[in-house]
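In what follows, a single structure is set out as structure tokens and then discussed.
The values are calculated or read from the model by the stated rules, or taken from the named source; none is laboratory data. Keep in mind it's a predicted model, so treat the numbers as computed, not measured. Cβ atoms come from the backbone with ideal geometry, glycine included; neighbour counts cover every protein chain shown. These area figures cover heavy atoms from the full protein model, side chains too; ligands, DNA and RNA do not enter into them. Shrake-Rupley method; radii C 1.70, N 1.55, O 1.52, S 1.80 Å.
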Amino acid sequence: MSTYEVIPMMYNSREQINAIILLEQQCKQLDSIHLKADLDHISKKDGDHALLCYRDGNLVGLLSWYPSDGVIGNINAIVHPHERRQGVFRRLLNFATAEMKIAGIRQLSYRVPNNSPSGLGTVQSLGAVHDRSEYAMQLVNEAFSAVQSSDLTLSVAEDQDFEFMITCSAQAFGNSEEWTRNYFTETDEPSRVTYIAWKNELPVGLVRINVINETTAFIHNFCILPVYQGKRLGRTVLGALVELLMKQHYTVIRLSVVTDNDRALNLYRSVGFEVHSEYQYFSGSL
């Protein structure tokens, strides 16, 4: 009789990494859905937490998670098409939630590809509620066009910029300053770099980079102080950042945007980003 075994992933295990790559390929071949294990995030030291489920020595499922604000656990999972409805995801989720409770996580956020009926059905069966839809976008280099501005500069955030980061982000995104302070504290890690945008020597916005690997950078938390919005600063700042990242030899530059945010979507497209996939996000309790 076949048995299932759940074990933690070792970020530097070449054997496990190869098994994950094979699982991704099998999912794509068997159901034409490109499920991503976020290998860049789980195969680096201090990256996302990951659990692997094996059956008779073969990898049949993976679940990864990371805390974004100390309260919410963000979940991504892959299960082999022939192993679905066999309890693989539930096994992985039970192990993961045990870890999350110890870490103080109280809520869950599930990410599901828009074209995955099985994934959408699974999270709905868990009682999770739809939260938002997002496009994953990637820069197309040949379409990139920066806007030059002599009075706008970017600088790496320093300790004295922390309060501005909280104020700017809270005002731009509508979150409380308490939540924002906790979020920036929880995500203060070596792989993330925060840039402050300055115009005429005044701070007007910020943008953060998550360095995935030597060639890949993910842009997030991009915001302009509301008082400076509507002045085309967003495109200038984003263009300057992309130009900077390209000079730093990042060849893959990505970001995400909520699908109904037409203003942001048009901004990103104007700088040279294109949509390559869509994801649905669901909120659930631990």
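Suppose the filter is touching a residue at least 24 places away in the same chain (Cβ under 8 Å), in contact with a His (Cβ under 8 Å, 6 or more places away or on another chain) and in a loop (DSSP other than H, G, I, E, B); does residue 70 pass it? Considered against the rule, which asks whether it is touching a residue at least 24 places away in the same chain (Cβ under 8 Å), in contact with a His (Cβ under 8 Å, 6 or more places away or on another chain) and in a loop (DSSP other than H, G, I, E, B), residue 70 comes out as no.
The number of residues in the stretch 182-212 that are open to solvent by 30 Å² or more (accessible area, probe 1.4 Å) and among the aliphatic types (A, V, I, L, M) comes to 3. Of all residues in the stretch 251-286, those satisfying the criterion of being out of contact with any helix residue (DSSP H, G or I) (no Cβ under 9 Å at 6 or more places or on another chain) and either under 19 Å from residue 34 (Cβ atoms) or buried (at least 17 other Cβ atoms within 10 Å of the Cβ) (or both) are 252, 254, 256, 265, 276, 277, 278, 279, 281.
Looking only at the stretch 87-102, count every residue that is touching a residue at least 24 places away in the same chain (Cβ under 8 Å) and either within 30 Å of residue 170 (Cα to Cα) or touching a Gly at 6+ places or on another chain (Cβ under 8 Å) (or both) and tell me the total.
Step one: filter the stretch 87-102 for residues touching a residue at least 24 places away in the same chain (Cβ under 8 Å), giving 87-89, 91-93, 95-97, 99-101.
Within this subset, residues satisfying the condition of being either within 30 Å of residue 170 (Cα to Cα) or touching a Gly at 6+ places or on another chain (Cβ under 8 Å) (or both) are 88-89, 91-92, 96-97, 99-101.
Residues flagged as touching a residue at least 24 places away in the same chain (Cβ under 8 Å) and either within 30 Å of residue 170 (Cα to Cα) or touching a Gly at 6+ places or on another chain (Cβ under 8 Å) (or both) within the stretch 87-102 amount to 9.
Please go through the stretch 37-66 and pick out each residue that is modelled with pLDDT of 90 or more, open to solvent by 30 Å² or more (accessible area, probe 1.4 Å) and not in a loop (DSSP other than H, G, I, E, B). Walk me through how you get there before you give the answer.
Step one: filter the stretch 37-66 for residues modelled with pLDDT of 90 or more, giving 42, 48-66.
If we keep only those that are open to solvent by 30 Å² or more (accessible area, probe 1.4 Å) too, we end up with 48-49, 54-58, 66.
Result: 49, 54, 55, 58, 66.
Selection within the stretch 220-247: residues that are of a type in the set (S, T, N, Q) and either touching a Leu at 6+ places or on another chain (Cβ under 6 Å) or under 22 Å from residue 192 (Cβ atoms) (or both). The member of this set that is modelled with the highest pLDDT is 221.
For (1) touching a residue at least 24 places away in the same chain (Cβ under 8 Å); (2) under 30 Å from residue 272 (Cα atoms); (3) within 18 Å of the chain's Cα centre (by Cα), each residue gets a yes or a no:
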{"site": "104", "(1), (2), (3)": "yes, no, no"}
{"site": "108", "(1), (2), (3)": "yes, no, yes"}
{"site": "112", "(1), (2), (3)": "yes, yes, yes"}
{"site": "117", "(1), (2), (3)": "no, no, no"}
{"site": "120", "(1), (2), (3)": "yes, no, no"}
{"site": "123", "(1), (2), (3)": "yes, no, no"}
{"site": "131", "(1), (2), (3)": "yes, yes, yes"}
{"site": "136", "(1), (2), (3)": "yes, yes, yes"}
{"site": "140", "(1), (2), (3)": "yes, yes, no"}
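Filter the stretch 17-36 down to the residues that are free of Cβ contacts under 8 Å to residues at least 40 places away in the same chain and either open to solvent by 50 Å² or more (accessible area, probe 1.4 Å) or among the polar types (S, T, N, Q) (or both) and list them by number. The answer is 18, 21, 22, 25, 28, 29, 32.
Sort through 158, 163, 178 and tell me the only one that's among the charged types (D, E, K, R), at pLDDT 95 or above and over 26 Å from residue 243 (Cβ atoms). Write out each step before concluding.
Numbers: 158 fails: over 26 Å from residue 243 (Cβ atoms); 178 fails: at pLDDT 95 or above.
Every option except 163 fails the conditions.
Just one of 268, 281, 250 is under 30 Å from residue 97 (Cβ atoms) and either at pLDDT below 95 or among the aromatic types (Phe, Trp, Tyr) (or both); which is it?
Working: 268 fails: under 30 Å from residue 97 (Cβ atoms); 250 fails: under 30 Å from residue 97 (Cβ atoms).
Answer to the check: 281.
Considered as a group, the residues in the stretch 157-181 that are in contact (Cβ under 8 Å) with a residue 40 or more places away in the chain and open to solvent by 60 Å² or more (accessible area, probe 1.4 Å) include one that is nearest to the chain's Cα centre (by Cα), and that residue is 173. If you go through the stretch 91-108 one residue at a time, do you hit one that is part of a strand (DSSP E or B), open to solvent by less than 30 Å² (accessible area, probe 1.4 Å) and modelled with pLDDT of 95 or more? Looking through the stretch 91-108, at least one residue is part of a strand (DSSP E or B), open to solvent by less than 30 Å² (accessible area, probe 1.4 Å) and modelled with pLDDT of 95 or more. So for the stretch 75-86 (the condition being closer than 26 Å to residue 175 by Cα and either within 18 Å of the chain's Cα centre (by Cα) or crowded, with 20+ Cβ neighbours inside 10 Å (or both)), does at least one residue qualify? Within the stretch 75-86, one or more residues are closer than 26 Å to residue 175 by Cα and either within 18 Å of the chain's Cα centre (by Cα) or crowded, with 20+ Cβ neighbours inside 10 Å (or both). Does residue 250 qualify as being over 22 Å from residue 135 (Cα atoms) and of a type outside the set (Val, Ile, Thr)? In short, no.
In the stretch 274-282 there is no residue matching the filter, namely being in contact (Cβ under 8 Å) with a residue 60 or more places away in the chain and within 15 Å of residue 172 (Cβ to Cβ).
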